[in-house]
Amino acid sequence: MKNSFPCITVIIPAKAEYNHIKALKYLKNVNYPAEKLEILIINGYNPSLQRNKAAQIARGERLYFLDDDSIVSKDIFFKNCIPL
């Protein structure tokens, strides 16, 4: 097993006029290599379409979907991602 962790794309749909995304506050503190994280915030009013649009442009090996008001623990990716 390799000692490297997968690149993760975190997808967050948000309303176009909403400029405070609570999930970002928590993502700043996660224990995961910053160079292995891509965070996509997609503005609009249809979360399903926003998630699909973001998934099409995501570069990560794994996709992780959050709501804009999600609270995540510091070790969220270590709990849920198996090293490659």
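Laboratory data are not the source of any read-out in this text; all were calculated from the coordinates shown. Being a predicted model, the structure only gives us computed values, none of them experimental. Please note: Cβ atoms are built from the backbone with ideal geometry, for glycine as well, and neighbour counts cover all protein chains shown.
Some observations on this one:
- Mean Cα-pair separation over length for the chain, i.e. relative contact order, pairs under 8 Å, 6 or more apart, %: 51 percent
- On Cα atoms only, tilt of 47-57 relative to the major axis of the chain in degrees: 50 degrees
- The count of lysine pairs in the chain with alpha-carbon distances below 16 Å, taking only pairs 8 or more places apart or on different chains, stands at 8.
- Taking label positions 7 Å along the Cα-Cβ direction at both residue 46 and residue 4, the computed distance is 3.7 nm, reported to one decimal.
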